[in-house]
Amino acid sequence: MKLYQKLLLGFALVALLVGCVGYVAQVMNSRVEYGVLQLSEGAALETNHAIEMTLALRESQSLAQDLVARRGAASAEALRNTLIRFEQQLAQGRSVVAGTRARAEAWGREEDLAEASDRLAWVDELALGFSTYQQHVERLIDLSVRRPGEARAFLAETVTPHVQKAMLPPLTQYRNRVDLAFSTETEAVRAHLARADRMLFVAVLLAIGMTLVLGILIANSISTPILSLMKATERIGRGELNFRLDVRSDDEVGALTGAFNTMAEALSHTTVSKHYLDTILHSMADPLFVITEQGTIEMVNDAVVDTLGYEKDMLIGRPLGFVFTGGMIETDDLLANVLRRGYSGNRETTLQQREGAELPVAFSAAVMTGDEGEVQGIVCVAKDVTQQKLFEAELIRAKEQAEEVSRLKSNFLANMSHEIRTPLTGIIGSAQVLTGELDGEHLEMVETMGRAGIRLLGTINSVLDMARIEAGALHPQPEPVEVADEVADAISVLRPLSLGKGLRLALHEVTPEVWASADPDCLHRVCVNLIGNAIKFTKEGEVVAEIDVEPDAAVLRVRDTGIGISEDFLPYLFDNFKQESTGMERSHEGTGLGLSITKRLVELMGGTIEVESTKGIGSTFTVRLPRTDALAGPRVVDIEELEEPV
């Protein structure tokens, strides 16, 4: 066999081997590409979202406890923000799971498709539980303002059990499935890479053997490029995927070199390398620091340079406190917290820019650990919250402006009510005088005018009282008051109304001689409003005022058998100008200010008011005032006289 025939045969064999290697490499690279996509665009992101959802859920539970304990607007706002963050992470997590499922379906991975479908089902179940949780939290916020005691019970009996039963199980299952998917994909990628290395190594050995045989036949003319090819293969095996061979001839050896370069180019595009990971880090919009366990900066991404103005060389090797406004004291505390807990999420602080300005950020950090749990470093991300701070400042300004507008409105109402009430009093007085001098149709007109004037005067008085309260001009003077006295006075005033409707109006002292620390005038107004309302909205049956005590409170309950209040309207019952029936269908007269004024007066005296009602059955209003001892002997109340049957 001639030399050129041997060369042709040898190169044919080499070409066949290279083709097989390329095919195997293509298959292996395809599997690795799929695994990398599942990790980088699927499992890794799902893990992050699952962790964020867990943190947000725990934070919401903590904020709910704070809200019930403190009843603060800030706690309510923080709780809503936490729910928004949970909802965002839930939506993003579902989008990632859906993408993973679509990718598995496109690649024909039935097992991965089934696993992604299961995770998607857990996410959907979690979304259902979260929807109900949002409703519970809004109810809890409302109760914490109006009925703190009921809010604590609602938290313990409804909100917390719902989290334990409807949210934690699917969230835990979802996290477990994500962790399993992450570990499975990681092991698969490692297995594919190891198999590819072995097959490439075997192929290289075969190529070396064949080229050695051919080298004996063609001597040194082929040995040099083959040795170069061997060295290039070793460099590629060490991870230098950007290395290429120079093509110095157009013969078969040159073609082989070109094929090798093509294979190396394909590997550089389909294999995860350090350069690939660096590209991901430097493409992040938020500043990222990688520091040692001692707090020394090892790496920063391009966003750090763009945001803070430092060059990378100015930061590498320096302590993290160099860029913190609080210096080493703040970073030492941060590092201790991160190393103890494994992470630190969204800690608000400020970073020092190169030109001296301070940048507000939400700083997060997490510990990187090796296979054996050893600390390899700490990854820190700083999110710029400048716009958020500006928005918060704008909200504060808007709140202050709204409070000023409310104060001006109250002053205006007070002044206008006074200007109207003065001439109206004269009109009512004139009508009362004319009542004794006229008869017939004119008398009826004057009486109508008098009743309308009295009703209008009552409306103006209510508006004026509310304006005084909102303007802070009403200052109750608490003193020891026997509750039964004030209730008895109110009943004596309102008894003609109850007799006119055929109602039983009674006072029942569950506990006699109950004294409260209250303003007598304010308490009298509260009693008249509650009992008068009960009479107005009761067609038949009874209205009973009960007096009782609790360890620290004097209790007044006004119970009626009236039309009751619908559950939908209860949250708005004490709002200004709110009535359940409105417009042309309104069944009872009134301004909608009586209960609002009552609630304000009770709160100004340091008490609380609650309501329980069933539509069509009746309502019970409960007032609790600070309990005190009597300074003088109580007045004896004739219960039988007050409970005069109708």
Notebook entry, point to check: Is it the case that some residue within the range 105-128 is open to solvent by less than 60 Å² (accessible area, probe 1.4 Å), of a type in the set (Ser, Thr, Tyr) and within 30 Å of PHE574 (Cβ to Cβ)?
Noted result: no
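Would you mind finding the one in ALA116, ALA98, ALA102 that is of a type in the set (A, V, I, L, M), at pLDDT below 85 and farther than 30 Å from SER62 by Cα? If you could, list the steps in order and put the result at the bottom.
On the way: ALA98 fails: at pLDDT below 85; ALA102 fails: at pLDDT below 85.
Every option except ALA116 fails the conditions.
Of all residues being within 17 Å of ALA484 (Cβ to Cβ) and charged (D, E, K, R) in the range 499-520, which is least open to solvent (accessible area, probe 1.4 Å)? Just the residue, please.
Looking at residues that are within 17 Å of ALA484 (Cβ to Cβ) and charged (D, E, K, R), I get ASP519.
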When the range 96-117 is checked residue by residue, the ones that are more than 15 Å from GLU46 (Cβ to Cβ) and of a type in the set (Gly, Ala, Ser) are ALA106, GLY108, ALA114
Selection over the range 132-164 where residues are open to solvent by 40 Å² or more (accessible area, probe 1.4 Å) and within 22 Å of THR47 (Cα to Cα) yields a count of 1
From the option list GLU87, GLU138, GLU157, single residue qualifying as of a type outside the set (A, V, I, L, M), assigned to a helix (DSSP H, G or I) and either in contact with a Leu (Cβ under 8 Å, 6 or more places away or on another chain) or in contact (Cβ under 8 Å) with a residue 40 or more places away in the chain (or both) is GLU87
Of (1) part of a helix (DSSP H, G or I); (2) open to solvent by less than 40 Å² (accessible area, probe 1.4 Å), VAL481 fails just (1)
Scanning the range 553-573 for residues that are open to solvent by 30 Å² or more (accessible area, probe 1.4 Å) and in contact (Cβ under 8 Å) with a residue 60 or more places away in the chain, the one farthest from the chain's Cα centre (by Cα) turns out to be ARG559
Note: among VAL338, VAL361, just one is of a type outside the set (D, E, K, R) and either open to solvent by 30 Å² or more (accessible area, probe 1.4 Å) or assigned to a strand (DSSP E or B) (or both), namely VAL361
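Can you find a residue that is within 14 Å of LEU171 (Cβ to Cβ) and at pLDDT 85 or above anywhere in the range 75-88?
yes
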Apart from one, (1) at pLDDT 65 or above; (2) open to solvent by less than 40 Å² (accessible area, probe 1.4 Å); (3) under 18 Å from the mean Cα position of the chain (by Cα) all hold for GLY72; the odd one out is (1)
Scanning the range 174-190 residue by residue, the ones that are open to solvent by less than 70 Å² (accessible area, probe 1.4 Å) and not acidic (Asp, Glu) total 8
Restricting attention to the range 511-543, the residues that are more than 13 Å from LEU625 (Cα to Cα), in a loop (DSSP other than H, G, I, E, B) and under 43 Å from the mean Cα position of the chain (by Cα) number exactly 1
Of (1) assigned to a strand (DSSP E or B); (2) modelled with pLDDT under 90, GLY633 satisfies every one except (1)
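I want to confirm something. Restricting to the range 284-315 and keeping residues that are among the hydrophobic types (A, V, I, L, M, F, W, C) and assigned to a helix (DSSP H, G or I), which single residue is surrounded by the most Cβ atoms within 10 Å (Cβ to Cβ)?
Selected residue: VAL304.
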Screening ASP371, ASP332 for residues that are over 24 Å from the mean Cα position of the chain (by Cα), farther than 18 Å from LEU308 by Cα and surrounded by fewer than 14 Cβ atoms within 10 Å (Cβ to Cβ) leaves only ASP371
Within the range 316-332, residues being in a helix (DSSP H, G or I) and farther than 12 Å from ALA365 by Cβ number 8
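Rundown of residues vs (1) among the β-branched types (Val, Ile, Thr); (2) modelled with pLDDT of 75 or more; (3) touching a helix residue (DSSP H, G or I) at 6+ places or on another chain (Cβ under 6 Å), yes/no style:
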residue	(1), (2), (3)
PHE391	no, yes, no
ARG421	no, no, yes
LEU434	no, no, yes
GLU444	no, no, no
ARG455	no, no, no
ASP465	no, no, yes
PRO478	no, yes, no
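The values are calculated or read from the model by the stated rules, or taken from the named source; none is laboratory data. It should be emphasised that the depicted structure is a prediction, and the values quoted were computed from it without experimental measurement. Positions of Cβ are generated from backbone atoms using ideal geometry, with glycine treated the same way; all protein chains shown enter the neighbour counts. These accessible areas exclude ligands, DNA and RNA; they are computed on the full protein's heavy atoms, side chains included. Shrake-Rupley method; radii C 1.70, N 1.55, O 1.52, S 1.80 Å.
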